[in-house]
Structure formats: structure tokens, C-alpha cells
Amino acid sequence: EVQLVESGGGLVQPGGSLRLSCAASGFTFSSYEMNWVRQAPGKGLEWVSYISSSGSTIYYADSVKGRFTISRDNAKNSLYLQMNSLRAEDTAVYYCARDLRYSYGFDYWGQGTLVTVSS
Amino acid sequence: QSALTQPASVSGSPGQSITISCTGTSSDVGGYNYVSWYQQHPGKAPKLMIYEVSNRPSGVSNRFSGSKSGNTASLTISGLQAEDEADYYCSSYTSSSTLNYVFGTGTKVTVL
């Protein structure tokens, strides 16, 4: 059974940093591209970042470029999101989501981890 | 890059059919057959319902179907059931150099 479990969320002050993790199981992690998607309270979904299966190709949404860094450790079956210079508007539930193989879209999602940026 | 446009809400009675539209541009919906649809119940993670415009993942009811015409994609739910009440989001691959995916604004489906 495919499982994605996020962790690392919490309360952080504006300008602070946080590192999110996503532990994957039930599939060959190193064969899949992965993404982070977020959802602000009461709002819609927003794609945040993408990383290829090897980690060699990375994309970011304009709203986080230069502040967030996506990475992965295929030996540990884990995906990460390092978030720096956090702003109030980064407050959201952050989901890790697996990319469809040989296509585009998200076929499995984690349960999400809440990041709250507030003083 | 703007979000894809969806109606804020759609409602229907049990057994009826409803359709949710998702309008984008030639750089996303209209340019690629990579439109997907997600169902999200309150407090839960999104669930993939349709991918590549009209394909259903294993386990998704055949009451859900997708289509596309030009820059607008559509999700149809037939035989509406109480459990279909949820938020629905479309998404598309995009050729924008700074973005991989764009989501729709979301549609609240209410079963009357």
C-alpha cells in the first residue's frame, strides 16, 4: 500500500525557517517524481515545487522561488522541503504528492502537515 | 500564471447529473491532454478522480467522467450521491517556464 507521511510542520515566526519531511513507503520511491502542494486555510490548492526521480530537475512556483528548497534522499525514501524567510502567506497545510508515472498529475497524497507563520 | 477558472459552487439532487467546468488557456488546458481532477472532503487530502482528461484510476466509480473542448475541461458526476458532496479541483500541466502545474479555483458540490 502506498503511503506518504509528512512531518515537520508547526508554528514559526515570520522570517523563520522550517524543514518538512515526507516519508514514502509501499512503492519504489526512486522511480517516481514528487511534488509539494499547499493549501492555505479555507483556500484552494497551490502547487509549490517538483523534483524528478533522480533529483536532477527541480521547479518552483514563483511565490516560493529563492526561499524554498526541495530535495530527496532515495536511500531513505524521503522527500524534503526546506522553507526559509517564511511569511504569513506561507501559512498552509503542506502535502507531498506523488507524480503519475509517465504522465502528469498526482496519484497519491499524504495527509498533510500544517505550517503556521505568525508572531 | 493565474489559476484555472471553476464555478464556486454546483448543486444537484440525488440521482441527477452535474458538470463542473475548468477554463484555462492554450498554455495549459488547451495545449495538453494532462488535465486531472481531485475530490477533497473536509479535513482530508485530495483524491485523484480523473487523469489525462478522461481516464479513471482504478477504484474510482464510473459515475465520474471527464472531457475537454478547447481551453475548457469538464468533470461530470452522474447518479449524484450524498458521498459526492465535496470540493473538486481541476489541475493541468502548463508550459510556463516557472510553473509545472496549475490548479483550478475549486468547486463546492452540494447534494441537495
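The values are calculated or read from the model by the stated rules, or taken from the named source; none is laboratory data. Only a predicted model underlies this, so the values are computations on that prediction, with no experimental measurement involved. No Cβ is skipped: glycine too gets one built from the backbone with ideal geometry, and neighbour counts run over all protein chains shown. The accessibility values were calculated without ligands, DNA or RNA, using every heavy atom of the protein model including side chains. Shrake-Rupley method; radii C 1.70, N 1.55, O 1.52, S 1.80 Å.
Just a few scattered comments:
- Interface size B-A, as summed buried accessible area [1.4 Å probe, Å², nearest 100]: 1800 Å²
- Ligands, DNA and RNA excluded, the heavy atoms of A:V93 present near 40 Å² of accessible surface to a 1.4 Å solvent probe.
- Two-decimal Rg/Rh across chain A, once Rg and the Kirkwood Rh are taken from alpha-carbon atoms: 0.95
- Surface composition of region B:1-97: carbon and sulfur make up 41 percent of the accessible area, probe 1.4 Å.
- Kirkwood-based Rg to Rh ratio, the protein assembly as shown, C-alpha trace: 0.96
- Solvent-accessible surface ranking, highest first, for A:E6, A:E1, B:E83 at 1.4 angstrom: A:E1, B:E83, A:E6
- Note, ³J(HN,Hα) from phi for region A:95-108, Karplus 6.51, -1.76, 1.60, rounded to Hz, x at Gly and Pro: 10, 8, 9, 7, 6, 4, 6, 6, 7, 10, x, 10, 8, 9
- Within the accessible area of chain A, the carbon and sulfur atoms contribute 45%, probe 1.4 Å, all protein chains present.
- Shielding by other protein chains, A:56-66, mean Cβ within 10 Å: 2
- Residues along region B:84-112 losing 40 Å² or more of accessible surface when the other protein chains are present rather than the chain by itself (probe 1.4 Å): B:Y89, B:T98, B:N100, B:Y101, B:F103
- Per principal axis, descending, Cα span of region A:55-119 in whole Å: 41, 25, 24
- Our summary gives chain B a relative contact order of 38 percent, counting only alpha carbon pairs under 8 angstrom and 6 or more residues apart.
- For region A:1-105: accessible area per residue (Å², 1.4 Å): 44 Å²
- The value of relative contact order for chain A, using C-alpha pairs under 8 Å at least six residues apart, is 36 percent.
- Subset of A:K43/A:K76; A:K65/B:K68; B:K47/B:K108 violating a 23 Å alpha-carbon distance limit: A:K43/A:K76; A:K65/B:K68
- Residues in region B:6-15 carry Karplus couplings, in order, of 10, x, 5, 8, 9, 9, x, 8, x, x Hz; the curve used is 6.51 cos²θ - 1.76 cosθ + 1.60 with θ = phi - 60°, and Gly or Pro positions show x.
- One decimal place: the segment A:E1-A:R87 gains 27.4 nm when fully extended, by the rule 0.36 nm per residue minus the C-alpha distance.
- Once the Cβ-Cβ distance of A:L11 and A:S52 is raised to the sixth power relative to R0 = 30 Å, the FRET efficiency obtained is 0.40.
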